[in-house]
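The values are calculated or read from the model by the stated rules, or taken from the named source; none is laboratory data. Quantities reported herein were computed from a predicted structural model and do not represent experimental measurements. Positions of Cβ are generated from backbone atoms using ideal geometry, with glycine treated the same way; all protein chains shown enter the neighbour counts.
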Ligand code: NAD
């Protein structure tokens with residue numbers, strides 16, 4: 001309890017999956033959370049869940065690819081809570097289509113939602129972190145940002161870009177006591193993977209790739225996000241943390 005007491009966090013893509021698990025855990029640990037998503041109704045349901053647990057939250061409709069939306073989200077966070085200490089760039093999309101079947105439009109969509117979003121979030125949040133005397137940015141990449149996965153070239157490229165943008169941010173803003181780290185989930189059961197997980201052969205294949213004998217849960221990722229967001233990791237910046245059941249160790 002209270003590992004994030006007194007802190008204000010923005011978490012994107014928090015209507016379900018990992019972002020929701022982050023939001024619930026952050027609120028439980030004392031953070032005031034600004035949770036955002038394209039899915040407006042679902043984000044308000046998460047706000048209610050947090051309030052029922054005694055936490056404080058606001059939920060906002062937010063397209064992370066839109067600069068205008070980022071300005072509104074950051075303004076709303078400051079208006080409501082007066083500061084921003086933590087930014088979790090979690091929203092993302094997967095587009096697992098073989099490379100030769102991709103189009104420029106699809107490539108650009110993946111890059112905009114997965115990468116430009118993080119550039120924008122950091123651009124508008126960092127000035128408030130500087131004002132607050134520091135902060136922690138946690139960017140959600142993927143094991144696809146560490147190794148060349150098959151059948152998802154644009155997604156892999158986007159998650160590699162998230163990893164390196166995080167490192168550049170860490171180096172540039174360390175002098176302001178702002179840390180930036182990336183998390184690299186393995187195969188995690190969320191709405192993003194729900195259809196894939198219905199295919200028993202696919203599940204067996206995922207399990208064969210993963211030394212620990214189970215798939216990941218959103219809560220497994222949330223524990224890592226919490227650690228990197230909290231002051232417990234105050235000397236850790238610019239690192240990548242795989243949370244993948246050992247996938248990347250092979
Ligand atoms: P999810 O689909 O359950 O959650 C992603 C959320 O982002 C959704 O609620 C969706 O509405 C939201 N979103 C999508 N586009 C958006 C936009 N333009 N603006 C605002 N919100 C938007 O997926 P998840 O599995 O919880 O994924 C969370 C993050 O983890 C993503 O960045 C994903 O790429 C990454 N990831 C997932 C896995 C996995 O196995 N599930 C593995 C590695 C990395």
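Data table
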item: Some residue of segment 158-173 being over 28 Å from residue 108 (Cβ atoms), surrounded by fewer than 19 Cβ atoms within 10 Å (Cβ to Cβ) and at pLDDT 95 or above; result: no
item: Helices (runs of 4 or more DSSP H) within segment 1-118 that include 3 or more residues within 11 Å of the ligand (Cβ to nearest atom) and either surrounded by 23 or more Cβ atoms within 10 Å (Cβ to Cβ) or touching a residue at least 40 places away in the same chain (Cβ under 8 Å) (or both); result: 17-28
